[in-house]
Amino acid sequence: MSAHALPSPAEDFSAWYNDIVYRADMAAQSPVRGCIIIKPYGWEVWEGIKSALDRRFKALGVQNAYFPLLIPESYMRREAEHVEGFSPELAVVTVGGGKALEEPYVIRPTSETIIGEAFSQWIQSYRDLPFLINQWANVVRWELRTRPFLRTAEFLWQEGHTAHADHDDAEAFTLQILDVYADMAIREAAIPVIKGLKSDSERFAGALRTYTIEGMMGDKKALQCGTSHNLGQNFARVFDIQYLDASNQRQYCWTTSWGLSTRMVGAVIMAHGDEKGLRMPPRLAPIQVVIVPIFKTDDEKTAVMESVEALRAELTAAEVRAHVDARDYQPGYKFNDWEMRGVPVRLELGPRDVQSGSVVAARRDQPGKEGKRTLRREQIGAQIKLLLDEIQANMLALATAFRDANIIDVASYDELRQVVESGGFARGWWADSAVNERQIKEETGATHRCYPLDQPDGEGACFYSGAKTRRVALFAKAY
RNA sequence: CGGGGUGUGGCGCAAUCUGGUAGCGCGCUUGCAUGGGGUGCAAGAGGCUCCGGGUUCAAAUCCCGGCACCCCGACCA
């Protein structure tokens, strides 16, 4: 472990991020370019995200399945936009068992094609619809510029694939999934994401419409945290996914796909972290409560450790994820260490507390003395659960206030430039134009993030072109 | 894909310009003290200096060739 100080997120957010990922033991560098090793502390955050999503998917009737890692190269070529979108970043397997393969396999960058092929065989009747499948998998995209969790050459995600009888059902499901993503981000990760529709130039390769949840990170940049695509009938036509409707007519299905990845772990780090390190939202925190025993003599140690163990047992019984830090370090060292790792609550228990039947609690979301209080030992499990809920709510409130303070309405291009310059999301009337969007991106570095689903009434003049429009869009620099 | 940087004990670095026994901090091990906000002292363990070739009495250091990773930018669901 290095001894140098953590970079300040205010001064160099990027350096801070890179440093904290490794310092907090979320991940390690691997021998493979652009690929990280996800260490237990980072993995548990992903597991939390995963189980929160999986519950919600299953409640919608989605079933999990698993498809091969390798996809025949020809599959990727079938959908024109899809090929164009993905071919530059494909990893291809050309040799197997020492022999050149007759047809190379690509390592999946996403599975629309191979799942589409399967759907074409499985779906026959309108009675089979909707057909709802999800898989938890790893994918590979040969990205040129990688960052731990945010963009890695190999990453883990879930990809959902569904088939529906008509446009409206597919559209409704696409939006239902978007709600699931937003609900998970807000309630579990305490990140107040904005649900929105992507512009045509930001749309998924081959999709009719792409919806997104956009989060604001600590440096006021945007991060696309998950996407849900209505694929229309494009993939159904290409892979021949057809069904017989109630009047015995052959119809192409309407399909959707949707994904959320380990990037979300990066979002949690960047949305909540501060100059002391990570701040984990309690619901996703691998360790919710760390207990630091304090003692001098052996006699004290015996008494304290006995009390600490009883405390841990009570918390565990109350379904609080508690950890005892019995390492042979100074208490001060441990305090800083766990603050860096973002543990929401620290309990200090020493001889004085054993005597008085109390314990000192410190909140990670409130700095210094302000966050410290002495709790009675009675009903400690219930007290801590309440405290964790309070911290979760406070983190969401803080992030929401931060987001709202940094979404700024713009009425002109100059105003947008200023917002982009000083950081934040610029919101303004926008008359859809790929050309103008490109121009803004080249001149300011900001991209069209989305048309928020939550739109104002009426119409206004586009901040860029002046044309009348009924839609408001968000622009920001993004990861 | 462009630009920059770096490869030396587990980690972070020095020594490279000016060739001559590879050194420091952190971490690790052991002991004693210490312990309610990053402890102190002492003694230890640990190195084909990225790879290949060349120059030289002698290469971490100079020369040639390769490889790898990181950072910044463009690109990107």
Which members of the stretch A:55-82 meet the condition of being touching a strand residue (DSSP E or B) at 6+ places or on another chain (Cβ under 8 Å) and touching a residue at least 60 places away in the same chain (Cβ under 8 Å)? A:Phe57, A:Leu60, A:Gly61, A:Val62, A:Gln63, A:Asn64, A:Ala65, A:Tyr66, A:Phe67, A:Leu69
Tally the residues that are of a type in the set (Ser, Thr, Tyr), surrounded by 16 or more Cβ atoms within 10 Å (Cβ to Cβ) and over 20 Å from A:Thr469 (Cβ atoms), restricting the search to the stretch A:401-443. 0
Under 6 Å by Cβ, and 6 or more places apart or on different chains, what pairs join a residue from the stretch A:307-320 that is within 13 Å of A:Ile384 (Cβ to Cβ) with one that is small (Gly, Ala, Ser) and in a helix (DSSP H, G or I)? A:Glu314/A:Gly381; A:Leu315/A:Gly381; A:Ala318/A:Gly381
Based on what the data block shows, is A:Arg417 among the basic types (Lys, Arg), more than 30 Å from A:Arg346 (Cα to Cα) and either assigned to a loop (DSSP other than H, G, I, E, B) or free of Cβ contacts under 8 Å to residues at least 60 places away in the same chain (or both)? yes
Any chance the stretch A:375-384 includes a residue that's within 13 Å of RNA strand B (Cβ to nearest atom), modelled with pLDDT under 95 and not in a helix (DSSP H, G or I)? no
Is it the case, given these coordinates, that A:Val343 is in contact with a strand residue (DSSP E or B) (Cβ under 8 Å, 6 or more places away or on another chain), under 24 Å from A:Ala27 (Cα atoms), touching a residue at least 60 places away in the same chain (Cβ under 8 Å) and within 12 Å of RNA strand B (Cβ to nearest atom)? yes
Check on A:Trp142, in a strand (DSSP E or B) and in the same structural domain as A:Pro31 (by TED's automatic domain parsing): no
Only residues that are farther than 26 Å from A:Leu144 by Cβ, without any contact (Cβ under 8 Å) to a residue 40 or more places away in the chain and more than 20 Å from the chain's Cα centre (by Cα): list them for the stretch A:1-51, please. A:Met1, A:Ser2, A:Ala3, A:His4, A:Ala5, A:Glu11
Considering only residues of the stretch A:186-202 that are under 15 Å from A:Ala478 (Cβ atoms) and within 14 Å of RNA strand B (Cβ to nearest atom), which is surrounded by the most Cβ atoms within 10 Å (Cβ to Cβ)? A:Val193
Strands (runs of 3 or more DSSP E) completely within the stretch A:207-321 that count 1 or more residues being near RNA strand B (Cβ under 10 Å from one of its atoms) and outside the structural domain of A:Lys195 (by TED's automatic domain parsing): A:289-293
A:Phe86, sole failed condition from (1) exposed (fewer than 13 other Cβ atoms within 10 Å of the Cβ); (2) in contact (Cβ under 8 Å) with a residue 40 or more places away in the chain: (1)
Take A:Ala326 and decide whether it is buried (at least 19 other Cβ atoms within 10 Å of the Cβ), within 11 Å of RNA strand B (Cβ to nearest atom) and of a type in the set (A, V, I, L, M, F, W, C). no
Just give me the residues in the stretch A:1-36 being of a type in the set (Val, Ile, Thr) and closer than 25 Å to A:Arg283 by Cβ, in sequence order. A:Ile20, A:Val21, A:Ile36
Residues (out of contact with any Lys or Arg (no Cβ under 9 Å at 6 or more places or on another chain) and surrounded by fewer than 19 Cβ atoms within 10 Å (Cβ to Cβ)) located in the stretch A:334-353: A:Arg352
For A:Val419, which of the numbered conditions (1) of a type outside the set (D, E, K, R); (2) closer than 19 Å to A:Thr210 by Cα; (3) within 27 Å of the chain's Cα centre (by Cα) fails to hold? (2)
Only residues in the stretch A:438-463 that are over 25 Å from A:Ile177 (Cβ atoms) count as the first member; pair them with residues that are within 16 Å of RNA strand B (Cβ to nearest atom), Cβ under 6 angstrom, at least 6 apart or cross-chain, and list the lot. A:Lys441/A:Thr447; A:Thr444/A:Arg417; A:Thr444/A:Val420; A:Gly445/A:Lys477; A:Ala446/A:Val420; A:Ala446/A:Phe475; A:Ala446/A:Ala476; A:Ala446/A:Lys477
Give A:Val420, A:Val410, A:Val435 a once-over and let me know the one that is modelled with pLDDT under 95, of a type in the set (A, V, I, L, M, F, W, C) and touching a helix residue (DSSP H, G or I) at 6+ places or on another chain (Cβ under 8 Å). A:Val420
Which of the residues that make up the stretch A:354-371 are modelled with pLDDT under 95 and either away from RNA strand B (no atom under 15 Å from the Cβ) or surrounded by 12 or more Cβ atoms within 10 Å (Cβ to Cβ) (or both)? A:Pro367, A:Gly371
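In the stretch A:138-180, how many residues are of a type in the set (A, V, I, L, M), within 19 Å of the chain's Cα centre (by Cα) and within 11 Å of RNA strand B (Cβ to nearest atom)?
Residues meeting the conditions: 5.
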Residue pairs within 8 Å by beta carbon, gap of at least six or interchain, first lying in the stretch A:163-188 and at positive phi, second modelled with pLDDT under 95, listed first then second, are none
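The values are calculated or read from the model by the stated rules, or taken from the named source; none is laboratory data. The shown structure was predicted, so the numbers you read here are calculated from the model rather than taken from an experiment. Glycine gets a Cβ as well: all are built from the backbone with ideal geometry, and neighbour counts include every protein chain shown.
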